[in-house]
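Inspection log for the structure reproduced underneath, given as structure tokens.
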Amino acid sequence: MKLWVTAILCGIAAAQNTTHQHATASPSIPLQPLAQQVRQLEEAMNSGGAEVHRKTAAAESLHQIAETIHKRSLVIIFSDMMDNTGDTNDLFNALQHLKYNKHEVILFHVNDKKLELDFKFDNRPYQFIDVETGEKVKVHSNQVRDIYLEKMNKFHHELKIRCAQYKIDFIEADIHEGYQQVLMPYLIKRQKMN
């Protein structure tokens, strides 16, 4: 059986309003071509220009990838798992779809822990801008902190529970940590399991 490694950067295709993109690499391919593929994906993501209104369709992307890649692939997802549908069941169904097709799935949950998960803003008014819709909201951070944390903690907890149920490796990936702090503990753990 040939093992295929698939890296998915959810939202790239949605940001470009094109078909969904994913990169595959055989273990026999040296790391350099894979690094070039990742750079190309990053360039494609950054080439969106001044367009502010981007729609995230993580669930749709995951469903499409589940159907198009080889069975029993290793699927590595780097995403905040936020979807513009507002229905988390769509997202969880997409993750389940990947597992149903016998893929091994690793989710690196990318976030800004300080701001997105802990909501550590100073006690003053802020203007928040939704990067997907461009909608602007002016609020005092302490007025929305409790309800925001309640909803975010609920989503985060449910995501972790569903990943455990579906046997998906869930790894926190704080954007302020270097990739070594994110990848090394996971790789060491995975090496010990083999």
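Nothing in this text is a laboratory measurement; each read-out follows from the coordinates by a stated rule. Only a predicted model underlies this, so the values are computations on that prediction, with no experimental measurement involved. Every residue, glycine among them, receives a Cβ derived from its backbone with ideal geometry; neighbour counts consider all protein chains shown.
With K and R counted +1 and D and E -1, the other residues having a Cβ less than 15 Å from that of His156 yield a net charge of -3. For His176, neighbours were defined as the other residues whose beta-carbon sits under 13 Å from its Cβ, and their charges (Lys and Arg +1, Asp and Glu -1) total -3. Given their separation in residues at 0.36 nm each and the Cα-Cα distance between them, Met82 and Asn153 gain 24.2 nm when the chain is fully extended. Looking at Ala173, Leu117, Gln191, which one has the Cα that reaches farthest to the positive end of the dipole of the stretch 102-194 (charges on Cβ: Lys, Arg +1; Asp, Glu -1)? The listed residue farthest towards the positive side: Gln191.
Which of Ile76, Ile175 has the fewest other C-beta atoms within 10 Å, and how do the rest follow up to the most? Don't jump to the answer; show the numbers that get you there.
Details: Ile76 17, Ile175 13.
The fewest-first ordering by Cβ neighbours comes to Ile175, Ile76.
Rounded to the nearest 0.05, what FRET efficiency do Lys120 and Gln180 have when you use their Cβ-Cβ distance and R0 = 22 Å? Computed FRET efficiency for Lys120 and Gln180 comes out at 0.40. For the stretch 135-189, trypsin sites (Lys or Arg not before Pro) meeting the loop criterion (DSSP other than H, G, I, E, B) and having at most 12 other Cβ atoms within 10 Å: Lys167.
Charge tally around Pro185: other residues with Cβ under 15 Å, Lys/Arg +1 each, Asp/Glu -1 each, net -1.
Loop-located trypsin sites (Lys or Arg not before Pro) in the stretch 65-118 (DSSP state other than H, G, I, E, B) with a sparse environment of at most 16 neighbouring Cβ atoms within 10 Å: Lys71, Arg72, Lys102.
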